[in-house]
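The values are calculated or read from the model by the stated rules, or taken from the named source; none is laboratory data. A quick note: this is a predicted structure, and the numbers were derived from the prediction, not measured. Every residue, glycine as well, gets a Cβ built from its backbone with ideal geometry; the counts of neighbours run over all protein chains shown.
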DNA sequence: TACGTTGTACAGTTTTTTCTGTACGTACTT
DNA sequence: AAGTACGTACAGAAAAAACTGTACAACGTA
């Protein structure tokens, strides 16, 4: 039937349209420390009408089920995707967290919080090492270098403290008082 | 001489101390889309008393001069490192931008601004494609899917608009009114 | 209990990224 | 003009990351 042919072509067009967006998301998702194809995976699940099974994702993306499994897991870990249950369905089902403010902020906050924490610890430890060295060494030149290093570290430390404050802004949700959420129109 | 031996050991300790910090920076620098070893390179230049030449970096890190060249270039491109001139020195000299607020914010802003822009464009285009399809298709089911897709895209769009606002906060420096810079103490 | 389904650990392969050495262009020096 | 020093383009090597197929454990079903 002609109608069916036309309809199939139309579905193809839908796919194309979706793909335009998914490709772009995938291209930029690395900013959230997520790989390109996991980004595509996210996009695929995002557009799916219903929650998807691993097999469906595998079909849709033409990739191994193993990849889907690990990919989805990493998305679940950062709360961008959640597992859902449906009566009578034995397979695991997944859907994207639909609040982007939540899902993306979340990833962002976790990664950056973690990094600043680690860096701050490293600064403290480095400072300690330098102080100790300063107390034990007899070399004036070395003491001079240490002094200069400490100055640099203190500046870095100040920056990380600030960054930490910024992250808190997001963590507490205060950011939404300053930059209000936008309503879809 | 015993004193010399001791002093050498002390310099080693200085290196170790610096390394503690540099390693951590390198570990987390990927959040700024910079690779691990370019992160180490940054750290090395950061601690150097004087501006460094490519050869010095190469020695210090035990890596090829070619790598130093490309690494430094990428750091210069994102304004984390700058080239400096010193009278009588023919080689290129580099030092780190010492205002971390500037250097890091800069990288961050550029990358994210770029991503949101591209994503927003993609959303617009996808929306157009969907609207067109909606106008031409005869399938009710398809129209339903399109409607659902458009809703999702509008939500994403709202999120990106918000994100764009947030980035502007940093770009304009307004963020510092809200979260003031910290003074090193 | 035997059998089929589903998800994932793991080892090996493929792909991508990073790193190096060579070669060469440019610019300074003599 | 010839010689030397310097930075980088480019091609290939090495390393890292991503992907796949196989095998198996867990669980449900007959």
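Descriptive notes on the structure:
- Flag if residue A:138 is in the same structural domain as residue A:111 (by TED's automatic domain parsing), without any contact (Cβ under 8 Å) to a residue 24 or more places away in the chain, surrounded by fewer than 16 Cβ atoms within 10 Å (Cβ to Cβ) and in contact with a helix residue (DSSP H, G or I) (Cβ under 8 Å, 6 or more places away or on another chain): yes
- Within the range B:19-42, tally of residues that are more than 7 Å from chain A (Cβ to nearest Cβ) and more than 28 Å from residue A:34 (Cβ to Cβ): 1
- The range B:66-113: number of residues that are in contact with a helix residue (DSSP H, G or I) (Cβ under 8 Å, 6 or more places away or on another chain), without any contact (Cβ under 8 Å) to a residue 12 or more places away in the chain and within 12 Å of chain A (Cβ to nearest Cβ): 2
- The listed residue being modelled with pLDDT under 95 and within 14 Å of chain A (Cβ to nearest Cβ), out of B:148, B:139: B:139
- In summary, residue A:37 fulfils each of the numbered conditions (1) within 20 Å of residue A:107 (Cβ to Cβ); (2) away from DNA strand D (no atom under 12 Å from the Cβ) with the single exception of condition (2).
- Screening the candidates A:40, A:90 for the property of being within 16 Å of DNA strand C (Cβ to nearest atom) and closer than 22 Å to residue B:152 by Cα yields one hit, A:40.
- Among the candidates A:171, A:128, the residue that is over 16 Å from residue B:100 (Cβ atoms), assigned by TED's automatic domain parsing to the domain that holds residue A:110 and in contact (Cβ under 8 Å) with a residue 24 or more places away in the chain is uniquely A:171.
- Within the range B:43-54, not a single residue is over 30 Å from residue A:139 (Cα atoms) and either within 13 Å of DNA strand D (Cβ to nearest atom) or not assigned by TED's automatic domain parsing to the domain that holds residue B:114 (or both).
- Some residue of the range B:59-76 being closer than 25 Å to residue B:181 by Cα and either at pLDDT 95 or above or loosely packed, with under 14 Cβ neighbours inside 10 Å (or both): yes
- Hey, residue A:169 within 11 Å of chain B (Cβ to nearest Cβ), in a helix (DSSP H, G or I), under 19 Å from the mean Cα position of the chain (by Cα) and surrounded by 19 or more Cβ atoms within 10 Å (Cβ to Cβ) or not: yes
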